[in-house]
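Presented below is the structure to which this report refers.
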Amino acid sequence: MNIEYLSQYYKNLLNTYDSSKQMMEIMESHLGFKPNQILHANSICSDDINEIEFPKHVYKMLGPFRMGGLDGFPFAGLTGIKAYSSHVPEEGALFIYFGPHIGHSDGSELGMVKRTGQNFYSSCCGAATLALAKLQKGQIKEGEITELDYQQNVLEQILLKNADRILSSTCQIYEATEVIYEAIKERILLLLGQTTLNCRYLILAGGVVINSGGTNSFSSTRIFHCIEQQSGAQKDLLPFMKFESVSNSKLSF
Ligand SMILES: [Zn+2]
């Protein structure tokens, strides 16, 4: 993991172990919740590399409810988010972490990672990389979504709608991942807007997960804020996170 290289692309970098620990502590100290009052959902890629190591304390949250499919798009849809919201403890909080992922191992470019037991680099996110390759070759047909490869086809359509932006970028896999981040965020907000939430707080955290191999990863956090459901009051929790500790992080290498 080359932090200097990564910092050209991503801000607010922390290893995921530390960022999840900080988020948990902030939810406890600023909102007054115990972990077992928080129902966690995530919308991250179903790739096995996203079985990330979290601090023990973080596992005390309820869940996770898994909303994400390929590259973290919330394919569980309206039914998924309605089910998730109905599982929250009374007077509890819903905490949703969402975002796409991208690989970067030591010595690799963005979008490539060395996986456990392999001595070569492979694409990460593989689905985003494949969709980008089809976009580059002009092989994505507008509106083509098949039953056999539904999730991949949806990602392809997202990239196709942003073809000019992606293809004019000097780092196309980075740009494609940015486009997917925005699509995930937009869809989650749309789904939440159509769902009655029976909780005290909704807490949203979004970012890009950067897998560096094994279960190690970094996170570039973009948003972390909560909305009190009764009053509608919003509180930005991002300023309470400390990002300067990245070089001293437990899992950095
Ligand atoms: Zn993926």
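Using only alpha carbon pairs under 8 Å that are at least six residues apart, calculate the relative contact order of segment 1-128 and give it in whole percent.
Details: 200 pairs, mean separation 31.6, N = 128.
The value is 25 percent.
Tell me, in nm to one decimal, what length is gained between Asp106 and Thr170 on full extension, where the rule is 0.36 nm per residue of separation less the Cα-Cα distance? Walk me through the intermediate numbers first.
Values: separation 64, 0.36 × 64 = 23.04 nm, distance 2.07 nm.
Result for the pair: 21.0 nm of gain on full extension.
Which values of log₁₀ I(q)/I(0), to two decimal places, follow from the Debye formula for the chain at q = 0.08, 0.11, 0.15 Å⁻¹ with a uniform point scatterer at every Cα?
Debye curve over Cα of the chain, log10 I(q)/I(0) at q = 0.08, 0.11, 0.15 Å⁻¹: -0.30, -0.58, -1.07.
Would any residue of segment 49-89 have its amide N under 14 Å from a label point 7 Å out along Cα→Cβ of Asn36? List them or say none.
From segment 49-89, the list is 59-63, 89.
Once neighbouring chains are kept in place and the probe is 1.4 Å, which whole percent of the accessible area of segment 46-192 is contributed by carbon and sulfur? Show your work: numbers first, answer last.
Values: 3800 of 7360 Å².
For segment 46-192, the apolar C and S fraction of the accessible surface comes to 52 percent.
For Cα pairs less than 8 Å apart in space and 6+ apart in sequence, what is the mean separation divided by the residue count of segment 147-253, i.e. the relative contact order in percent? Intermediate values should be presented prior to the final figure.
Details: 87 pairs, mean separation 16.2, N = 107.
Across segment 147-253, relative contact order equals 15 percent.
For Lys114, give me every one of the lysines with a C-alpha distance below 24 angstrom, ignoring sequence neighbours fewer than eight places off in its own chain.
In chain and number order, the partners are Lys11, Lys134, Lys250.
Per q in 0.13 Å⁻¹, report the Debye log10 I(q)/I(0) for segment 69-207, using one uniform scatterer on each alpha carbon and no solvent.
Calculated log10 I(q)/I(0) at the listed q: -0.65.
Please work out the average accessible area per residue across segment 1-48, using the 1.4 Å probe convention, and give it in Å². Let's see the in-between values first.
Working: 2070 Å² over 48 residues.
That works out to 43 Å² for each residue.
Would you mind computing, in nm to one decimal, how far apart the modelled labels at Glu4 and Glu182 are, each placed 7 Å from Cα along Cα→Cβ?
In this crude label model, Glu4 to Glu182 measures out at 3.1 nm.
Residues in segment 25-45, backbone N under 11 Å from the label point at Phe240 (7 Å along the Cα-to-beta-carbon vector): list them, ranges by number please.
25-33
So what is the accessible area of segment 49-176 per residue, in Å², with the probe set to 1.4 Å? Let's see the in-between values first.
Working: 6470 Å² over 128 residues.
Per-residue accessible area for segment 49-176 comes out at 51 Å².
The values are calculated or read from the model by the stated rules, or taken from the named source; none is laboratory data. The structure displayed is predicted, hence computed values, not measured ones. All Cβ positions, glycine included, derive from the backbone under ideal geometry; neighbour counts span all protein chains shown. When the accessible area is computed, the model is the full protein with side chains, heavy atoms only, and any ligands, DNA or RNA have been set aside. Shrake-Rupley method; radii C 1.70, N 1.55, O 1.52, S 1.80 Å.
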